[in-house]
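Here is the structure we will look at.
The values are calculated or read from the model by the stated rules, or taken from the named source; none is laboratory data. Here the structure is a predicted model, which means the values were calculated and not measured. Heads up, the Cβs are rebuilt from the backbone with ideal geometry, glycines too, and the neighbour counts pull from every protein chain shown. We work out accessible area using only protein heavy atoms, side chains counted, and drop any ligands, DNA or RNA first. Shrake-Rupley method; radii C 1.70, N 1.55, O 1.52, S 1.80 Å.
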Amino acid sequence: MAEDRIKFLKLGLYFVAGVIMVRLFFVQIIQNKMWVAKAEEQHTMENKILAKRGEIYMMDGSEPVAVVMNEKVYTVVVDPMAADEEELRGLIFGEDMKENLVASEEEVFRDRTRRYFLVARNVGTQKAKQIREAEPAGVWLKEGTKRVYPEGELGARLLGFVNAEGEGQYGVEGALNKELKGTDGLLKTVADVNRVALSIGNDNVKIPAKDGEDVVLTIDRNVQNNVERILKEKMEEFGKDQASAVVMNPNTGEILAMANLPGYDPANYAEVESADVFINRVTEDPYEPASVCKAFTFATGVDLGVLGPETTYYNNGYEVIDGWKINNASQYDSLLGPTSIQKALNWSLNTGSIYALKLIGGDANRITEEGRKKLYEYYTEKFGLGKETGVELYENLGLIGDPVEGDGRDSLYANMTFGQNMLVTMMQVISGYNTLVNGGKKVTPSVVEGEMVGGELVKKERGEGEQVISEETSRVMREMLWGTRTTYRANGTDPAGYYIGGKTGTAQVIRDGKYSMDEWVATYVGFGGTEGELPEYTVMVRIWKDGETTSAETYALPIFSEISNYMINYLKLRPKQE
Amino acid sequence: MRESSSAWVRNRNTVRYTPKSLGSVSQTVILGVLVLVVGLIYVTQGTKATGFDYELSKVESEIAELEAKKEDLAVERARLTSIASNNQSTVAANMEVAEVSGYAE
């Protein structure tokens, strides 16, 4: 009897052992992967190590200063079911969190079945520490960073902003997003119940984050600030609503200021009324440059040796090309008759630049294909019109018509000699002027001075620039532009002992497919420096208001003069001693 | 006569050698104790390593906190030295506009 019981017990034990064995087989062999994954999920911690976005610096004289920085901020998330409303009232819904709250206490606790409620954004580190130390139930803090702008709106349309996904948009933030963003790292490690990373375990992975580059711009914040101030004052004085200006070193291509008004607050970029204010009009907005292009046409002729400032032609006040009558803007009787190229530039005579195109083509009586081809080559290859300038920003190429293909090429090119029927950016125009006045070199415009490494500025290497027109052509053009500015000099605003030249451009605007007679955009581009030396700066100004006539002499020239006088003082340029 | 009795001889100092061995229970207990000791050593070392991890985690948190403070201070410094705040300072507000001066000839 006893033996039977033992046998029965044995059988029972074998059966239980068998069941366990079968279960173990299923768990360890058949369902192995699933259980391993579940175990790993519980005891391993996988965190992205966020790369720090690079900061942006401007120059303050020779010292870099941060103008776009990062600030650690937290997002507060509440689980209404687990949270204690009383506890959170003072801690999260208090007065000190007023600016950060995106949901009120009432909204959060109205429906307690919700498990996730985003309550506050951009909470500072001190407040986050206070919340963390209070250890409230059902509250999480999510770490993040936000861009801060110590200089406020200064250079906003140049700098751009970073959107909620952490991607740079517009300006430097957008164009240099890859360099600024960096690469996130990874931390995968065994963790205990408190989610503390443990060093035990064979599969721990730590890939450090690669922080973004701290980019230093060539922009000098003092020049930028003053250019923006001057533009703002003049816009108010003249009643205009759009203005842009750029200041460069013509010898190196460094951009010292790039201003576009109206601006916006990049810290609150979502509050703008129109995305139009994000556009950097200096590089992204092609327009018809008008008479500033005459300097390029005359420089082409001078460089080819077919004309000089004293070359004379007969000015009728108009020209007829391909059946189209092209008039001069200035119709004074005193300008009719034999006229020099210098006088044509001084008075911005369209007939003078058309005559130059004829000479470039080798026939003083008509425009030839050869002339069109040569002008196209100089415009695009040597002066860079209609081409990427190479500046480290978003660029719009514009449009320069083909010299051969298409109808009405003579008429098109006649218009192009004085900057109509073509689209270029301000960046292209001022870069071309740099070549005209710096001794004939084509230098790449640049907005990047270098990178901050370990708190020190490591400067970017710059090329010498290719000699595209002769030094003599450049000298002649400086003289011609000086002569032109002298003609239009506004009541002696240029101080004595300095060599300042420039050219106006008043461009008609195309509305509904044809040139409007009531809407004009004013531009002025010029250079300045000590007499007898190469120019130290070039400045280009553009000002307008939709639906209004804005002439260059009245509106753009005074702005140039004020910026030019500021630059003379800021760069501490010495006047030529007699 | 048993073989062992031959060792008993009058007036001789003799020692009786009796083979001694541990019983199976003792062996099991000793093995168990050894395993326990090794286990304790392992657990002690493991805990020690985990203790370092906690220490490390605490130090890393402190570093992160200090870095955040440093960043906050850098931002504050940049704000205080910005052109906008300089222009709005009481010093700037009390400045007088420079007037043209005559120079002695």
Quick one: what pairs do we get from segment A:220-237, first residue more than 9 Å from residue A:559 (Cβ to Cβ) and without any contact (Cβ under 8 Å) to a residue 12 or more places away in the chain, second of a type in the set (D, E, K, R) and part of a helix (DSSP H, G or I), C-beta under 6 Å, 6+ apart or different chains?
none
The number of residues in segment A:399-422 that are touching a residue at least 40 places away in the same chain (Cβ under 8 Å) and in a loop (DSSP other than H, G, I, E, B) is 7
Reported set for segment A:426-461 where residues are part of a loop (DSSP other than H, G, I, E, B), over 26 Å from residue A:180 (Cα atoms) and in contact with a helix residue (DSSP H, G or I) (Cβ under 6 Å, 6 or more places away or on another chain) is A:439, A:440
Evaluate segment A:53-66: report whether one residue or more is out of contact with any strand residue (DSSP E or B) (no Cβ under 8 Å at 6 or more places or on another chain), within 14 Å of chain B (Cβ to nearest Cβ), open to solvent by 80 Å² or more (accessible area, probe 1.4 Å) and of a type outside the set (A, V, I, L, M).
yes
Checked A:72, A:48 against criteria (open to solvent by 20 Å² or more (accessible area, probe 1.4 Å), basic (Lys, Arg), within 14 Å of chain B (Cβ to nearest Cβ) and under 30 Å from residue A:451 (Cα atoms)); the one match is A:72
Selection count, segment A:82-104, where residues are exposed (fewer than 14 other Cβ atoms within 10 Å of the Cβ) and either on the phi > 0 side of the Ramachandran plot or among the aromatic types (Phe, Trp, Tyr) (or both)
0
Return only the number of the condition from (1) among the β-branched types (Val, Ile, Thr); (2) more than 25 Å from the chain's Cα centre (by Cα); (3) not in a helix (DSSP H, G or I) that residue A:509 does not satisfy.
(2)
For segment A:287-301, enumerate the residues that are of a type in the set (Phe, Trp, Tyr) and open to solvent by less than 10 Å² (accessible area, probe 1.4 Å).
A:296, A:298
Any chance segment A:201-223 includes a residue that's more than 14 Å from chain B (Cβ to nearest Cβ), touching a Leu at 6+ places or on another chain (Cβ under 9 Å) and more than 29 Å from residue A:144 (Cα to Cα)?
yes
Out of everything in segment B:61-75 that is more than 9 Å from every other protein chain (Cβ to nearest Cβ) and either open to solvent by less than 70 Å² (accessible area, probe 1.4 Å) or of a type in the set (D, E, K, R) (or both), what residue ends up being farthest from residue A:194 (Cα to Cα)?
B:70
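Among the aromatic types (Phe, Trp, Tyr), surrounded by fewer than 19 Cβ atoms within 10 Å (Cβ to Cβ), touching a strand residue (DSSP E or B) at 6+ places or on another chain (Cβ under 6 Å) and in the same structural domain as residue A:293 (by TED's automatic domain parsing): is that true of residue A:318 in this structure? Walk me through how you get there before you give the answer.
On the way: among the aromatic types (Phe, Trp, Tyr): yes; surrounded by fewer than 19 Cβ atoms within 10 Å (Cβ to Cβ): yes; touching a strand residue (DSSP E or B) at 6+ places or on another chain (Cβ under 6 Å): yes; in the same structural domain as residue A:293 (by TED's automatic domain parsing): yes.
Yes.
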Return the residues of segment A:105-133 that are away from chain B (no Cβ under 14 Å), closer than 21 Å to residue A:147 by Cα and open to solvent by 80 Å² or more (accessible area, probe 1.4 Å); say none if nothing qualifies.
A:121
Let me spell it out: the conditions are (1) of a type in the set (A, V, I, L, M); (2) out of contact with any Leu (no Cβ under 9 Å at 6 or more places or on another chain); (3) part of a strand (DSSP E or B), and residue A:541 meets all of them except one. Which number is the exception?
(2)
Output the residues belonging to segment A:265-286 that are closer than 17 Å to residue A:241 by Cα and open to solvent by 10 Å² or more (accessible area, probe 1.4 Å).
A:272, A:273, A:274, A:275, A:276, A:277, A:278, A:279, A:281, A:285
Which of the strands (runs of 3 or more DSSP E) found entirely inside segment A:140-239 contain at least 2 residues meeting this: surrounded by 16 or more Cβ atoms within 10 Å (Cβ to Cβ), in contact with a strand residue (DSSP E or B) (Cβ under 7 Å, 6 or more places away or on another chain) and modelled with pLDDT of 95 or more?
A:214-220
